[in-house]
Amino acid sequence: MVKRYRIASSVISLAYNSHMVNIGNISLPDLPLLLAPMEDVSDPPFRAVCKQHGADLLFTEFISSEGLIKDAIACRRKLDIFEEERPVGIQIFGGDEENLALAAQIVETVEPDLLDINFGCPVKGIVGRGAGAGVLKDIERMVRLTAACVKATRLPVTVKTRLGWDEGSKNIEEVAMRLQDVGIAALTIHGRTRNQLYKGQADWTLIGKVKNNPRIKIPIFGNGDIDSPQKALEYRNRYGVDGIMVGRAAIGYPWIFREIRHLLRTGELHAPPTLEERLAVCKQHLRKAVEWHGSIGLREMRGRYAQYLKGLPELTIHRKRLVILSTFEEVEAALDDIGSTYKGLELEWEPIRLVNYHENCAL
Ligand SMILES: Cc1cc2nc3c(=O)[nH]c(=O)nc-3n(C[C@H](O)[C@H](O)[C@H](O)COP(=O)(O)O)c2cc1C
C-alpha cells in the first residue's frame, strides 16, 4: 500500500526537472543518489544491497595511499569492485603528493568509474598526517594533492570534504573553486566542519551557496543527516544540489534510496518494507557478507540486525539470540523463525536514528 504524501506538484517538478548529471563521461540520472563511502561498512555486500535498492553511484570505503603502495593485503582487497555495481568510485586518502599520485595509478589498474579523494575524515591520526580533513587548514596543499591525482590518472577525479576546519574557518566556497580549477569532476560536501565531527546538525546553507555560485560548473553533491525521503526532497529544493549522498541512514535500511527516488518521481511516499522484505534482504546481505569476509562476515552483521528488524516486537530479545549464533545456517534459520512467528505482521514504523560516529575521537 502506498501512502499519499501531499506536496504541491510544483515542489516535485522543481525537484525533478529531468536533466542528467555528468561526472566526466559517467551519466547519472537527475538528482543521483550516492551511497557514501563508509569505513568497514561500504564493502561489496553492503554496496550490492544498496545498488539493488536504487543507489545510483557507489563508493568504496577510504583506502590508504601508503597502504596501497606497500601492497598491504587489507588495502588491496578494498579495491575489489564488480561489474554489476557500476558506476562505482574508489576513495583514497593520503597527505603526500607523490604517494597519492602513485595510489591513483594503482587504483586506475582495477578500472573503477572514478577516483575520489577523501578530504573529510576527521580522525586525529589521519588529520595529523596532513590527510583527510587535515588539508582544510591548508588550501594550497589541498590543491597540490588534488592536482597531483588529476595529473596521475585518466579517471575522473572527485573530492569529498567538509565545510572547513572549524566554525571560524569555513572555506568551502574557496575550496570548491580552487579544486574545480585544477580539474576535479564533482565535489561532495558534508555539511559539518572537521571540529564538529558528527555533532550537531549538518548545515547545508553553504553547500547551497557553493552550488549556486555561477563560477561553479561541476556537480555539487550534498551530504549530511539525510534520514528520510521528505528531508531529501526538502533539501534538494532548498539548496538546489545536483545529487544527494546518503550514509548512515542506509545502514540496515537500503530502502532509503528507493523511498527517496519514489517520492521525487511521484510525490507519494513508498510504503516501508514489509517484515518479509526486511528478512529477505538481511539474509541476502548476510550471505554475501559470509561469502565475502568468511566467518568475520557473520560477526560484522551482528551490528546490523537491530537496524534490519527495527519495529519488530521484542527486538532486543531477538537480536540477543541472533548475535550469539556462530554459523550462517543458524542465523538464517533464526531469521526464518522470526518470519514464521510474525507472518503478516505490519511493522511499526520508526524514524531512522543517525549515530554520532567518532564521538570519542579526540580533537
Ligand atoms: C561508519 C562510518 C564510516 C565512514 N567512513 C568514511 C570514509 O571511509 N570516507 C569518507 O569520505 N567518509 C566516511 N564517513 C562519512 C560519511 O561518508 C558521511 O560523510 C557522513 O556519515 C555524513 O553523512 P550521513 O549523515 O548521511 O551519514 C564515514 C561515516 C561513518 C558513519
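Just so you know, all these numbers are worked out from the coordinates, no wet-lab data involved. Treat the numbers as computed from the prediction; the structure is a model and nothing was measured. No Cβ is skipped: glycine too gets one built from the backbone with ideal geometry, and neighbour counts run over all protein chains shown.
All alpha carbon pair distances within the range 109-251 were sorted into 10 Å bins beginning at 0; the resulting P(r) in whole percents reads 12, 43, 36, 9, 0. Restricting the calculation to Cα atoms, the range 207-363 shows an Rg/Rh of 1.05 when the hydrodynamic-style radius is the Kirkwood one. Qualifying trypsin sites (Lys or Arg not before Pro) in the range 121-154, where qualification requires a DSSP coil assignment and no more than 12 other C-beta atoms within 10 Å, comprise Arg154. Taken over the range 275-341, the ratio of Cα radius of gyration to 2.2 N^0.38 Å equals 0.99.
The value given for the range 42-168 is a Kirkwood hydrodynamic radius of 14.7 Å, derived from the mean inverse Cα-Cα separation.
Size descriptors for the chain: radius of gyration and Dmax over Cα atoms are 20.4, 60 Å. Under a 10 Å cutoff between Cα atoms, tell me which one of Leu315, Leu115, Leu298 has the largest fluctuation in the Gaussian network model of the chain. Judging by the Gaussian network model, the answer is Leu315.
Ignoring everything except DSSP H segments at least 4 long, calculate the 222 nm mean residue ellipticity for the chain; use -39,500 (n - 2.57) per segment, divide by total residues, nearest 500. That calculation yields -12000 deg cm²/dmol at 222 nm. For the chain, a Gaussian network of Cα nodes joined below 10 Å ranks Val135, Val182, Val159 by mean-square fluctuation, and the top entry is Val182. Between Arg154 and Asp337, the simple spin-label model (points 7 angstrom out along Cα→Cβ) gives 5.6 nm. Axis angle, to the nearest 10 degrees, between helix 255-266 and the longest C-alpha principal axis of the chain: 80 degrees.
Spin-label pair Arg265-Leu325: with each label point 7 Å from Cα along the Cα-Cβ axis, the two points sit 3.4 nm from one another. Its relative contact order, with pairs defined as Cα atoms under 8 Å and 6+ residues apart, puts the chain at 17 percent.
Here the chain is treated with +1 on each Lys and Arg Cβ and -1 on each Asp and Glu Cβ, and its dipole about the Cα centre works out to around 740 debye. Descending by average beta-carbon neighbour count within 10 Å, the peptides 232-244, 73-85 line up as 232-244, 73-85, the highest first.
Using 0.36 nm per residue and subtracting the Cα-Cα separation, the extra length available between Asp80 and Thr316 on full extension is 81.5 nm.
Most fluctuating residue of Ala133, Ala148, Ala334 in a GNM of the chain with Cα springs under 10 Å: which is it? Result for the chain, Cα springs under 10 Å: Ala334 fluctuates most.
Across all directions, the shadow cast by the convex hull of the range 236-324 built on its C-alpha atoms averages 7.3 square nanometres. For the range 266-363, the set of chymotrypsin sites (Phe, Trp or Tyr not before Pro) satisfying both a DSSP loop assignment and a count of at most 13 other C-beta atoms within 10 Å is given as Trp349. With a simple spin-label model that places each label point 7 Å from the Cα along the Cα-to-Cβ direction, the separation between Asn356 and Glu277 comes to 3.3 nm.
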